[in-house]
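J.: The structure that follows is given in the form of structure tokens.
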Amino acid sequence: MACCGGTTFKIWPTTVLPVKPTRSQIFDEGKFQADSSSSSPVFRAVALAWLAQFVKAHAGTTQSWDVVKEFMNEEDGGGQDAVLTVTPHNLEMHRDKRRAAEKAKSGKPVPVEYRNIPFEQMYTTDIVECFVRSLAREEHMSYAQAENLPVGAPTYFISHAWGSTFVDLVKSVTGALAGAAQADTYVWLDIFAINQDDTGGVFSAMHELDDGRTLAGTIATSRATLVVLDKDRVIPLTRLWCLYEIGSTPPQKLQLVTHGFSEKDVSQHIRNIDAETALCFSPADKEMIHGEITGKFGFASMKHFTEELKLRFMLRPMSYESDLQALRERGQSNEYQLDELRAHVTVTGGRLACIVGGPGEGKSSVAAAALDLVHAAHFCKRADVRRQDVLEMVRSLGFQLGQKFDVVRECLIDLEEETAAKALVDPDVAVNALLVKPLKKLAKIQKHAVILLDALDEADDDRHISNVAVRLLRHLARDVRSSVSVLVTTRPDADREYPRRRVLEHDWEGGMRVMEPAQVLGPAPVEVEKEESRLPGPWEEAMRNMQNIKVYQIVAREFVKRYGTSLEPPADIDAAYKLWFDRAAKDDEEVRRLIDIVLASREPLSSAHVDRLCLRETCVRLPGWGLLFEERDHVLHTLHLSLREYLGDAKRSNRHAANESRGNAELTRSCLD
């Protein structure tokens with residue numbers, strides 16, 4: 001069964017409700033709409049708003065239920081016909097004894113009755129027995145189906161252990177998703193999505209899990225897997241099903257939820273992860289999971305799988321998937337010419353390839369296309385201050401190198417706990433422990449790594465007098481040049497700004513090659529040329545004149561698709577943006593307000609933050625919604641840095657210019673409210 005446990009936090013109110021809440025108390029049927037069109041368990045994720053309201057509605061109640069059998073040692077009543085009674089007075093003692101039998105695998109079945117247990121003290125397994133399984137035995141279907149819950153495709157897959165407090169689980173999930181609009185966010189919890197009917201000793205859950213296929217489909221459909229940990233026992237890391245779920249999740253989609261405590265509190269538990277000895281109550285499940293890990297996942301052994309999990313938790317790499325997906329979608333028409341790059345950086349270490357181009361010429365598209373050439377990559381981003389954090393940068397690069405090279409992975413796994421802890425907060429320790437030392441080990445076996453850093457210019461500080469990404473490259477050139485080659489993209493150096501290219505030429509003298517994006521992007525595909533040839537003369541000429549400015553091509557083509565060619569074609573990217581903004585309502589103050597806030601924010605705005613600002617419905621009225629502005633993974637993104645620069649410069653955007661001062665004031669007020 002999937003181990004989808006919580007953390008120990010503030011206890012909910014203790015007011016006692018005399019009766020079980022009705023469905024109308026638990027959620028507003030006028031607001032939520034159940035969607036039972038699909039019979040697949042994958043699409044039975046429940047609305048986050050319903051989950052939070054479920055806990056709120058039962059807060060302060062006491063519950064009683066019966067369990068057909070639990071497994072206890074003989075001295076604790078196991079193997080007897082007499083029913084064990086559990087009350088609030090002996091609840092924790094009973095749980096300790098049950099865990100002891102579980103760990104020793106010495107338990108024998110015994111019926112158990114739970115009486116007057118406070119809802120706040122109920123484990124997730126208690127929620128199953130009290131609410132879910134009792135209904136499943138009557139209706140022979142999942143709780144989501146039987147109660148006609150508000151369900152949909154999973155936004156998040158929740159990996160947790162049943163042996164932790166349910167209210168803490170929900171508090172952890174809602175805390176982790178504080179940036180999401182609850183009514184539009186669907187979380188997949190096995191207890192509600194899977195049929196827990198055990199009538200006649202036949203477990204319907206195993207059929208619906210379909211040998212892991214349901215979990216695989218759910219994880220693939222979800223934006224991320226949230227692994228909810230409890231502070232004291234960190235149960236998910238000791239359960240094979242949970243480790244399997246974690247391993248089934250691509251690294252960029254994995255998020256560790258330690259709500260209410262720090263990673264340091266569970267660091268020793270992370271170091272003790274062992275997939276080989278993790279608990280699994282069904283021998284058949286264990287065999288299946290081991291086969292999946294060494295077969296489908298491609299790990300050479302359970303030891304290798306265990307090391308991968310440890311690295312994920314130790315380093316917590318950043319995710320670039322949302323940006324990469326957008327870049328891939330917009331770059332599908334290009335025929336990339338990567339041979340020259342491949343020849344320069346993959347043959348030997350000590351080399352640097354520098355793609356230099358102006359705004360919107362396709363540098364990041366080249367970087368996304370070149371990922372197959374590199375072992376590790378980082379994408380700098382001016383609009384997200386986290387992408388300019390050298391600690392985040394180094395941890396992500398180190399993790400990726402550990403995935404590609406055994407010697408690097410072993411070096412990282414063997415870090416002393418104190419060093420690993422310092423690497424999370426000290427940039428010098430992080431660079432040395434997570435990159436320099438592992439790369440030196442790589443050099444000893446006559447290998448080199450290829451690293452990609454995209455948009456170096458976006459890692460400049462606010463005054464353009466230093467650059468954290470270039471400082472990292474200087475460190476690598478000084479200490480491990482022979483064991484690494486680098487691919488970077490950047491804008492040309494500007495007067496009175498940090499001289500990125502000149503610094504790189506000095507540090508990588510003799511091994512640096514400079515190229516323009518157009519040399520890699522290649523010529524326009526035939527179908528694109530045909531599409532342009534069907535445009536009116538002025539538009540066709542404009543598109544050809546601007547063929548090397550990729551962002552212009554994207555913005556102009558989409559404008560033509562939506563609104564036609566009745567207007568004069570834009571002469572440059574600023575004019576292309578102006579076409580979109582000219583179409584917006586001139587007196588839409590809410591749109592102006594939202595644009596001001598977007599420009600002022602140092603990281604992309606979450607949908608929940610936009611909601612708190614009462615601007616969620618305003619998003620669709622933003623100029624070029626779905627292109628210039630779009631929501632991805634509960635976050636409001638802008639198309640390109642050049643759009644922010646256009647709106648931030650009144651000389652370029654005139655009446656469309658953003659008022660960043662007003663945006664900063666709005667953000668400050670929203671944080672204080």
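J.: Would you mind finding the one in L279, L327, L309 that is hydrophobic (A, V, I, L, M, F, W, C), in contact with a helix residue (DSSP H, G or I) (Cβ under 9 Å, 6 or more places away or on another chain) and closer than 30 Å to M515 by Cα?
T.: L327
J.: For the stretch 232-270, how many residues are part of a helix (DSSP H, G or I), at pLDDT 80 or above and within 21 Å of the chain's Cα centre (by Cα)?
T.: Total satisfying the criteria: 10.
J.: Name every residue in the stretch 68-77 that is open to solvent by 10 Å² or more (accessible area, probe 1.4 Å) and part of a strand (DSSP E or B), in order of residue number.
T.: V68, K69, E70, F71
J.: Which of the residues spanning the stretch 169-185 are open to solvent by less than 10 Å² (accessible area, probe 1.4 Å) and out of contact with any helix residue (DSSP H, G or I) (no Cβ under 9 Å at 6 or more places or on another chain)?
T.: Result: S172, single match.
J.: Taking L487, is it in a helix (DSSP H, G or I) and either out of contact with any Gly (no Cβ under 8 Å at 6 or more places or on another chain) or more than 16 Å from H378 (Cα to Cα) (or both)?
T.: Considered against the rule, which asks whether it is in a helix (DSSP H, G or I) and either out of contact with any Gly (no Cβ under 8 Å at 6 or more places or on another chain) or more than 16 Å from H378 (Cα to Cα) (or both), L487 comes out as no.
J.: Assess whether R328 counts as being basic (K, R) and open to solvent by less than 20 Å² (accessible area, probe 1.4 Å).
T.: no
J.: Give the stretch 87-126 a look and list any residue that's assigned to a loop (DSSP other than H, G, I, E, B) and either at pLDDT below 95 or open to solvent by less than 30 Å² (accessible area, probe 1.4 Å) (or both), or say none.
T.: K105, S106, G107, M122
J.: All but one of (1) under 22 Å from the mean Cα position of the chain (by Cα); (2) hydrophobic (A, V, I, L, M, F, W, C); (3) surrounded by fewer than 24 Cβ atoms within 10 Å (Cβ to Cβ) hold for F203; which doesn't?
T.: (1)
J.: Pairs needed: first member in the stretch 507-524, more than 14 Å from R342 (Cβ to Cβ) and buried (at least 17 other Cβ atoms within 10 Å of the Cβ); second member anywhere, at pLDDT 90 or above and of a type in the set (V, I, T); C-beta distance under 6 Å; at least 6 residues apart or different chains.
T.: Filtered contacts from the stretch 507-524: P517/I355; P517/V366.
J.: Among the numbered criteria (1) assigned to a helix (DSSP H, G or I); (2) open to solvent by 20 Å² or more (accessible area, probe 1.4 Å), which single criterion is violated by E631?
T.: (1)
J.: If you don't mind, there's one more thing I want to ask. Only one of these is at pLDDT below 95, under 26 Å from G663 (Cβ atoms) and crowded, with 16+ Cβ neighbours inside 10 Å: I597, I573, I554. Name it.
T.: Step by step, each of I597, I573, I554 is checked, and only I554 is at pLDDT below 95, under 26 Å from G663 (Cβ atoms) and crowded, with 16+ Cβ neighbours inside 10 Å.
J.: Looking at this structure, is R502 under 22 Å from R602 (Cα atoms), of a type in the set (K, R) and open to solvent by 60 Å² or more (accessible area, probe 1.4 Å)?
T.: Considered against the rule, which asks whether it is under 22 Å from R602 (Cα atoms), of a type in the set (K, R) and open to solvent by 60 Å² or more (accessible area, probe 1.4 Å), R502 comes out as no.
J.: Also: Taking the stretch 646-673 on its own, how many of its residues are open to solvent by less than 40 Å² (accessible area, probe 1.4 Å) and either among the acidic types (D, E) or closer than 25 Å to P359 by Cα (or both)?
T.: Residues in the stretch 646-673 being open to solvent by less than 40 Å² (accessible area, probe 1.4 Å) and either among the acidic types (D, E) or closer than 25 Å to P359 by Cα (or both): 8 in total.
J.: Right, here's the next one. May I ask you to say which residue of E568, E590, E617, E603 is touching a Ser or Thr at 6+ places or on another chain (Cβ under 7 Å), open to solvent by 40 Å² or more (accessible area, probe 1.4 Å) and either farther than 30 Å from E540 by Cα or not in a helix (DSSP H, G or I) (or both)?
T.: E590
J.: Applying the selection to the stretch 334-379, what residues are among the small types (G, A, S) and either under 28 Å from M546 (Cβ atoms) or assigned to a helix (DSSP H, G or I) (or both)?
T.: A343, A353, G357, G358, G360, G362, S364, S365, A367, A368, A369, A370
Residue by residue, here is whether (1) open to solvent by 80 Å² or more (accessible area, probe 1.4 Å); (2) within 23 Å of the chain's Cα centre (by Cα) holds:
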| residue | (1), (2) |
| --- | --- |
| F405 | no, no |
| V408 | no, no |
| C411 | no, no |
| L424 | no, yes |
| V429 | no, no |
| V436 | no, no |
| K440 | yes, no |
| A443 | no, no |
| K447 | yes, no |
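J.: Next question, about the same structure. Suppose we filter E335, E340 for residues that are surrounded by fewer than 16 Cβ atoms within 10 Å (Cβ to Cβ), of a type in the set (D, E) and at pLDDT 85 or above; which single one remains?
T.: E340
J.: Looking at (1) open to solvent by less than 30 Å² (accessible area, probe 1.4 Å); (2) outside any strand (DSSP E or B), which one does Q80 not meet, given that it meets all the others?
T.: The failed condition is (1).
J.: So if I check each of L424, L473, L442, L415, which one is in a helix (DSSP H, G or I), of a type outside the set (K, R) and over 24 Å from P517 (Cα atoms)?
T.: None of the other options fit; the residue is L442.
J.: Does V503 fit the bill of being in a strand (DSSP E or B) and under 30 Å from L442 (Cβ atoms)?
T.: no
The values are calculated or read from the model by the stated rules, or taken from the named source; none is laboratory data. Keep in mind it's a predicted model, so treat the numbers as computed, not measured. Quick reminder, even Gly has a Cβ in these numbers, built from the backbone with ideal geometry, and neighbours come from all protein chains shown. For accessibility, only protein heavy atoms count, side chains too; no ligands or nucleic acids. Shrake-Rupley method; radii C 1.70, N 1.55, O 1.52, S 1.80 Å.
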